[in-house]
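The values are calculated or read from the model by the stated rules, or taken from the named source; none is laboratory data. Computed from a prediction, not measured in an experiment: that's the story for all the values here. Ideal geometry is used to build each Cβ from the backbone, glycine not excepted, and the neighbour counts take in all protein chains shown. Accessible surface is based on the protein model in full, side chains and every heavy atom, while ligands, DNA and RNA are left aside. Shrake-Rupley method; radii C 1.70, N 1.55, O 1.52, S 1.80 Å.
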Amino acid sequence: MQLGIIGLGRMGANIARRLHRAGHECVVYNRTPKPVEELAKEGLMPAQDIADLVKKLDAPRAIWLMLPAGAVTEAMVQSAGALLSKGDILIDGGNSFYKDDMRRAKTLQAKEISYIDVGTSGGVWGLARGYCLMIGGPKQAVDHLDPIFRSLAPGLGSIARTPGRERHDPRAEYGYLHAGPAGAGHFVKMVHNGIEYGLMQAYAEGFGILLGKSGARLPEDERFDLDLAGIAEVWRRGSVISSWLLDLTAMALAEDPALAAFSGEVEDSGEGRWTIEAAVEEAVPANVLAASLFARFRSRQDHDFADKLLSAMRFKFGGHVEHGAGGDSGGNVPGRR
């Protein structure tokens, strides 16, 4: 299939690469030219600006936005939407607030342009591993783009199939799901990221307790000098708490057991806060998720080893650099984890 992609950051460029390697024709544009030039050398079609990108796509066109949530995406939805026509599809694959998706879908529907929101999980590893996709939008448009979603998703892989799923939508087993109407994709991804906060906090606190067992607060004969990298590794193998986050934790601890490269000042983002807001609106208790968000607030005043581990996990899965550490932390842009 043919697809226009606007926004060639860490994930956008790799989404374009993965689709290109799967045989799709991608027309790419970025505000700064270097990513476009790099992808053009790899065989993708470059565009000089948004109008040029739209011009190079055959109708009905489909354009995927991979931009920071908020004003940047909002402006691009308006700019691209103004150039699209009846039957075209506009996709937001970033981390927009789901209520913004619902509003945008209604606005574009007036021009008979379909709007799809895609919660995209996979971070900097998505090119090799594939992306978990949570999709919201009209069925006809989602079905039309199925070859795109299937190419981006991880596929069945080596994960054991869930018994009893024969009666359910098979796409979920391949790593992508049509969650519902516009907004549903980003809502599911929002809660996904809220859960991620809680999982990361649990690992961080647990390893903090392990490290604390060697501390001066305890009687000397009760102290253990534990190998945290070894513990992370053994927990990866057959443990009930094994996960990809634990894989990344083991990697970080093997590289630097003291995590000296991290200050422990952990950023938060729109999606963690939005998840708590949704819990309040629905009157659903979210004790763990709320506490994990507040723990990040606290980390900016007083850091400990657990906070360093949180920063290390964020860096490993998404390339997020701590605020003030020489790069964009990912926390200054709403919608990043």
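Observations on the structure shown:
- Taken residue by residue, the range 17-40 has at least one member that is among the acidic types (Asp, Glu) and either in contact with a helix residue (DSSP H, G or I) (Cβ under 7 Å, 6 or more places away or on another chain) or free of Cβ contacts under 8 Å to residues at least 24 places away in the same chain (or both).
- Candidates 269, 242: the one that is without any contact (Cβ under 8 Å) to a residue 12 or more places away in the chain and touching a Lys or Arg at 6+ places or on another chain (Cβ under 7 Å) is 242.
- Restricting 53, 83, 39, 90 to those that are in contact with a Cys (Cβ under 9 Å, 6 or more places away or on another chain) and over 23 Å from residue 278 (Cα atoms) reduces the list to 39.
- Single unsatisfied condition, residue 291 versus (1) over 15 Å from the mean Cα position of the chain (by Cα); (2) modelled with pLDDT under 90: (2)
- Here 281, 265, 277 are screened, and the one residue that is open to solvent by 10 Å² or more (accessible area, probe 1.4 Å) and either in contact with a His (Cβ under 8 Å, 6 or more places away or on another chain) or among the aromatic types (Phe, Trp, Tyr) (or both) is 265.
- Test: residue 128 is without any contact (Cβ under 8 Å) to a residue 24 or more places away in the chain and within 20 Å of residue 62 (Cα to Cα): no
- Some residue of the range 104-111 being closer than 19 Å to residue 154 by Cα and surrounded by fewer than 20 Cβ atoms within 10 Å (Cβ to Cβ): no
- The number of residues in the range 268-284 that are in contact with a helix residue (DSSP H, G or I) (Cβ under 7 Å, 6 or more places away or on another chain) and not in a helix (DSSP H, G or I) comes to 1.
- Subset of the range 112-125 (residues that are without any contact (Cβ under 8 Å) to a residue 60 or more places away in the chain and either surrounded by fewer than 21 Cβ atoms within 10 Å (Cβ to Cβ) or part of a helix (DSSP H, G or I) (or both)): 112
- Whichever residue in the range 285-299 is free of Cβ contacts under 8 Å to residues at least 24 places away in the same chain and under 16 Å from residue 191 (Cβ atoms) and, among such residues, is surrounded by the most Cβ atoms within 10 Å (Cβ to Cβ): 290
- Hits in the range 126-152 - residues which are touching a His at 6+ places or on another chain (Cβ under 9 Å) and assigned to a loop (DSSP other than H, G, I, E, B): 137
- Considering the range 315-337, and only residues there that are open to solvent by less than 10 Å² (accessible area, probe 1.4 Å), under 18 Å from residue 261 (Cα atoms) and not hydroxyl-bearing (Ser, Thr, Tyr), the residue that is modelled with the lowest pLDDT turns out to be 330.
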